[in-house]
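Read the figures in this text as sums done on the coordinates, not as results from a lab. This one's a predicted model, so the numbers in the text were calculated from it and none came from an experiment. For neighbour counting, all protein chains shown are included, and Cβ atoms are generated from backbone atoms with ideal geometry for every residue, glycine included.
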Amino acid sequence: MRLAIVSSGKGWQSEELKDAALKRGWHVDFVSPRAFSISLPSFEFYSLESDLLGYDAYLVRSIPIGSLEQIIFRLDVLYALEMVGKPVINPSFVIEKTVDKLYTSMLLSREGILTPKTAVVERFSDAIRWYKLLGGDVVIKPIFGSNGLGIMRVDNEDLAHRIFRYLELGRYVFYLQEFIPHNDEDIRVFMARGEIVSAMIRKGSFWKTNIYQGAVPMAFDVPKEMERICKRVFELFKADYLGIDIVFSEKGEMYLLEVNGIPGWRGLQSVTEKRIADVILDCVERRISS
């Protein structure tokens, strides 16, 4: 078995996957999406001048931030690999949906799954109007991004004017969500092949609850209603594995915040007996044999 881990760096998750794969006797290489190239009509693929087609599967661990053209190109290469019969995990269409927060929000809203009220606009004046309509306490997110980076809470109108002007000058889209008070904690549910593998509460020191930003993980038993909703989401995205982020409001309402098609699990592994890297590699084996 020859596995390409598609990643822009060798972080903890990628090294965990490599170690678990080597223990299975697999050959593993890291392949940077920043170095992708493709030649048509021959469908020749390269990364750093090495042939990309010499692998049995491609496990995507990052789609680096870049220009719109760069992101589209990297996704197109993954689609092209699938066109020539190569398994990509997660599938390209899953990654395309989940890297785009707006598209994810639209899918969840169409299914009637409760998410924070959201407005996405381009003009400064519309952003200010929606800031007020959403209660004067919003979270601004980049449409593409992860690990809580670039996410800001704005609960002051003077601050809103300054930040929105900056975003306008940078030609950013305004992605605004009402802020849901949540006791500085959220829940990450990790699913594979339609079943819940593990879950944790992430307790933060402030409103951001990413492990990357210092939140503390605690084991969590998923209640039946949450499990039912998570399984609906998994079926909706048709992924091999997913991370699903949930918060409870102060009124006890359950909101689904994000669906992650390239989820990290370092914090989750610390409260889980099963090795999650092996669960993901099981997904790879299943895709190859299907």
How much length is gained on full extension from GLU15 to TYR79, taking 0.36 nm per residue of separation minus their Cα-Cα distance? 20.5 nm
Inter-label distance for ARG162 and LYS203, nm, one decimal - labels placed 7 Å from Cα along Cα-to-Cβ: 3.3 nm
Take ARG110, ARG74 and order them by how many other Cβ atoms sit within 10 Å, fewest up front. ARG110, ARG74
Measuring from label point to label point, each 7 Å out along Cα→Cβ, what is the GLU195 to ALA35 span in nm? 3.8 nm
If I histogram all Cα-Cα distances within region 183-240 using bins 10 Å wide from 0, what percent of pairs lands in each bin? 24, 44, 30, 2
Take every DSSP beta bridge with both residues inside region 13-91 and express the antiparallel ones as a percent of the total, to the nearest 5. 75 percent
To the nearest 0.05, how large is the calculated FRET efficiency for ARG286 and VAL121 if R₀ is 35 Å and r is the Cβ-Cβ distance? 0.25
Cα long-axis angle, helix 157-169 against the chain (0 to 90 degrees, to the nearest 10): 40 degrees
Calculate the tail of P(r) for region 118-178: the fraction of all Cα-Cα distances greater than 19 Å, expressed in %. 16 percent
Scan [x] 1.64; [y] 0.98; [z] 1.02 for the value of Rg/Rh (Cα atoms, Kirkwood Rh) calculated from this model and give just the label. [y]
Estimated 222 nm signal from helices in the chain, with DSSP H stretches of n ≥ 4 weighted -39500 (n - 2.57), rounded to 500: -10500 deg cm²/dmol
Of all DSSP beta bridges in region 1-145, antiparallel share, percent nearest 5: 35 percent
Can you pick out the pairs among LYS18/LYS274; LYS10/LYS224; LYS10/LYS117; LYS97/LYS251; LYS101/LYS132 whose Cα atoms lie more than 26 Å from each other? LYS10/LYS224; LYS10/LYS117; LYS97/LYS251
Determine the gain in length on full extension of the stretch GLU235-LYS274; use 0.36 nm per residue of separation and subtract their C-alpha separation, reporting nm with one decimal. 11.7 nm
